[in-house]
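In what follows, a single structure is set out as C-alpha cells and then discussed.
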Amino acid sequence: MATTRRQMIRSLAASGLLLPGLLSELMASGSTALDPLASRPPHFAPKAKRVIFLFMTGGVSHIDTFDPKPVLDARHDTRRRERQYYKGSGWKYSRYGQSGIEVSDLFPKIGGMIDDICVIRSMTNINGDHFGGTIGIHTGSATFNRPSIGSWVSYGLGTENANLPAFMVISPGLPYAGGQVWGSDFLPAVHQGTRVIPGPEPIANMLRRAPTAELQRTELDMLSYFNQQHLRGRGNDSQLSARIKSFETAAGMQMAAPDVFDLRKESKSTLDLYGLDPDDTSGFAWQCLVGRRMIERGVRFVELIDGDSSVDNNWDAHAELTKYDKLARNVDGAIAALIQDLKQRGMFDDTLLVFTTEFGRSPYVQNPGTNGRGHHAHVFSTWLAGAGIRGGMVYGSSDELGDRVAENEVSVHDLQATILHLLGMDHERLTYRHAGRDFRLTDVHGHVVSNILS
C-alpha cells in the first residue's frame, strides 16, 4: 500500500525522529521564505508576456538571406582593390506577401509569413569574432562576463510556473562562448538558463527516484523545512536563498518537465504542421514545438539555438556557403510552423519572436570564385514578430553593397532595450547592485526602437 505524506509524517513523529515544532510546521504547510523566482509585476503594461529567442550560431549572411544587394550582384567577382573582390549572392530573392518584402529563396516558408515580420536590415554588433559577438548579442558586453538577457528577464519578472524555470534554453551543442550564453553571472544563480539537450533525457535526472510522487513530496517538504531553518540562521542570505530555490525548482521540474517533452500529446495536425514524428528529437522543428510547449506552461524566456561551435554544424561560412541550403531547410519550415501554431492558439499577439545571429558576412572576398564570406559585424539582419511588433515592414538599411549601415542603425543594446520594453520593463530601471555600482543589461547604452512597435 502506498504511503501518504500525512502517514509518513506521523510515522516519523511516532518514532521520535520529528520534534513537535517541526511536526506542526510540516503538517500545516510549507515555507514562507521569499521566493527569488516569484512572479513580479512589470514597470508598465507589457505587450509581450513571453519571448522565443531564435539564435542562429555562426553568423548568418545578411546578403544571402534578408538583405538583397543587386548592385553587389552586378559586380560579382570584379576587383574592388588589391586582394579584394566583390561577392554577390548565390541565391535569388523573391517578393512575399502584401508587403512585397524581398526574402532569399533560402527561406521561402518564412517569406510566406513576412506580413507578420519586421525585418531590421541595420543591426550592428560590438565585436566581430564569434565569442565576442555571441556574448555581445546576449549580454550587451563583448569583453566581460555579464548576465544573459534571459537571466535579466527572469530576474525582472520571475516565473509563472513554480515547477519550471523562467529561462530555458534548447541547445543540442555548445554555441560559441558556451554556457555564458545563458549564464546569470552576478545575478542570483536561480536566474541562470536551464539547458535542454534534445534526446531521450533532455534534462539530466529528470525522472524521480522515489517510488511514488507522494513519498517524494513528503521528503521534499521535510528538506524544505530544514533548509529554511538553515537560511534563517544565516540572516536570510540571498545567495543561499537562491541556491535553495534552484534545488526546489529542479525538484518541481521532475513533476512538470516530462509532460513538456511528451509530444505524443500533440494532435496529428500539429505534428504534421511541424513535419514531426513525436519520437523524433532531431532537427529544429522539435526545438520549436517544445519551445511552444514551454511558453504555454509559463516559461518567460525560451531560447532555441541552432548549431554549435563546430564550423560543420553552424552558419559560419568562410569557405562553405553552399551548406546554407541544408541549414536553411532545417529551420525555415520549423519557424514558419511555430508562427502559424502560435496564431492558431491565440498566443502570437502576446509572444515576441526574435530571429538573430552574432553578425553578418562580408560583401568582399580575397579572391574571385571564393565560396565563402568573412565575419562582418558592421551591419547584418535580424527580424522580430508577434507581440507589439509592426509586421510587414523593413526597418533600417545597409548601403548598396551590404557593407555599412546606411540608415537607422540598431545596436545590440537597442535590440535588448526594445525586447525589455515589450515585456513591460524599462531597461534603465532594471538594475542590479554589484561591486559598488548598479548594472543593467544595456549598461549605459540603448534606446527603444519605437518605430517598429505597433
- Being assigned by TED's automatic domain parsing to the domain that holds Thr134, buried (at least 21 other Cβ atoms within 10 Å of the Cβ) and on the phi > 0 side of the Ramachandran plot narrows Gly424, Gly333, Gly360, Gly402 down to just Gly402
- When segment 178-202 is checked residue by residue, the ones that are over 15 Å from the mean Cα position of the chain (by Cα) and touching a residue at least 24 places away in the same chain (Cβ under 8 Å) are Asp185, Phe186, Leu187, Pro188, Ala189, Val190, Pro198, Gly199, Pro200, Pro202
- With respect to the numbered conditions (1) among the hydrophobic types (A, V, I, L, M, F, W, C); (2) within 11 Å of Ser61 (Cα to Cα); (3) under 23 Å from the mean Cα position of the chain (by Cα), which one is the sole condition not fulfilled by Leu321? (3)
- Pro200 vs. criteria crowded, with 20+ Cβ neighbours inside 10 Å, modelled with pLDDT of 80 or more and in a loop (DSSP other than H, G, I, E, B): no
- Note on the structure: With the first residue restricted to segment 327-345 and required to be within 20 Å of Arg297 (Cβ to Cβ) and in contact (Cβ under 8 Å) with a residue 12 or more places away in the chain, and the second required to be crowded, with 18+ Cβ neighbours inside 10 Å and of a type in the set (Val, Ile, Thr), Cβ contacts under 6 Å at 6 or more apart or on different chains are Leu342/Thr351
- Looking only at residues in segment 132-152 that are of a type outside the set (Val, Ile, Thr) and part of a loop (DSSP other than H, G, I, E, B), which one is farthest from Val190 (Cα to Cα)? Ala142
- Test Gly298 against the criterion of being assigned to a loop (DSSP other than H, G, I, E, B) and either within 17 Å of the chain's Cα centre (by Cα) or in contact (Cβ under 8 Å) with a residue 12 or more places away in the chain (or both), and give yes or no. yes
- Note on the structure: Selection over segment 87-98 where residues are among the small types (Gly, Ala, Ser), out of contact with any His (no Cβ under 8 Å at 6 or more places or on another chain) and surrounded by 16 or more Cβ atoms within 10 Å (Cβ to Cβ) yields a count of 3
- Which residue pairs have Cβ atoms under 9 Å apart, sit 6 or more places apart or on different chains, and have a first residue in segment 364-380 that is under 16 Å from Lys323 (Cα atoms) and a second that is hydroxyl-bearing (Ser, Thr, Tyr) and assigned to a loop (DSSP other than H, G, I, E, B)? Arg373/Ser61; Arg373/Ser362; Gly374/Ser362
- Query: Would a scan of segment 153-169 turn up a residue that is of a type in the set (S, T, N, Q), part of a helix (DSSP H, G or I) and within 18 Å of Ala38 (Cα to Cα)?
  - Reply: yes
- Task: Working carefully through the options Gly133, Gly88, Gly128, find the one that is over 14 Å from Phe66 (Cβ atoms), touching a Lys or Arg at 6+ places or on another chain (Cβ under 8 Å) and not β-branched (Val, Ile, Thr).
- Result: Gly88
- Query: Within segment 146-167, is there a residue that is at pLDDT below 95, among the β-branched types (Val, Ile, Thr) and either buried (at least 24 other Cβ atoms within 10 Å of the Cβ) or within 28 Å of Glu428 (Cβ to Cβ) (or both)?
  - Reply: yes
- Message: Would you confirm, using the coordinates I've provided, whether Gly369 is on the phi > 0 side of the Ramachandran plot, modelled with pLDDT of 95 or more and not charged (D, E, K, R)?
- Response: no
- Considering only segment 67-86, how many residues are over 14 Å from Glu400 (Cβ atoms) and either among the acidic types (Asp, Glu) or buried (at least 20 other Cβ atoms within 10 Å of the Cβ) (or both)? 2
- Query: With Asp312, Asp280 as the choices, which residue is in contact with a helix residue (DSSP H, G or I) (Cβ under 7 Å, 6 or more places away or on another chain) and more than 18 Å from Leu353 (Cβ to Cβ)?
  - Reply: Asp280
- Evaluate the following for Ala328: is it within 26 Å of Thr370 (Cα to Cα), buried (at least 21 other Cβ atoms within 10 Å of the Cβ), assigned by TED's automatic domain parsing to the domain that holds Thr194 and among the hydrophobic types (A, V, I, L, M, F, W, C)? yes
- Item | Selection status of Gly369, buried (at least 19 other Cβ atoms within 10 Å of the Cβ), in a loop (DSSP other than H, G, I, E, B) and in the same structural domain as Ala189 (by TED's automatic domain parsing) | no
- Item | Output for segment 320-357, where each listed residue is closer than 17 Å to Ile305 by Cβ and aromatic (Phe, Trp, Tyr) | Phe355
- Is there a residue in segment 104-127 that is in a loop (DSSP other than H, G, I, E, B), β-branched (Val, Ile, Thr) and either in contact (Cβ under 8 Å) with a residue 40 or more places away in the chain or buried (at least 18 other Cβ atoms within 10 Å of the Cβ) (or both)? yes
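The values are calculated or read from the model by the stated rules, or taken from the named source; none is laboratory data. From a predicted model like this one, the values you see are computed outputs, not experimental measurements. All Cβ positions, even for glycine, are placed from backbone atoms using ideal geometry, and neighbour counts span all protein chains on display.
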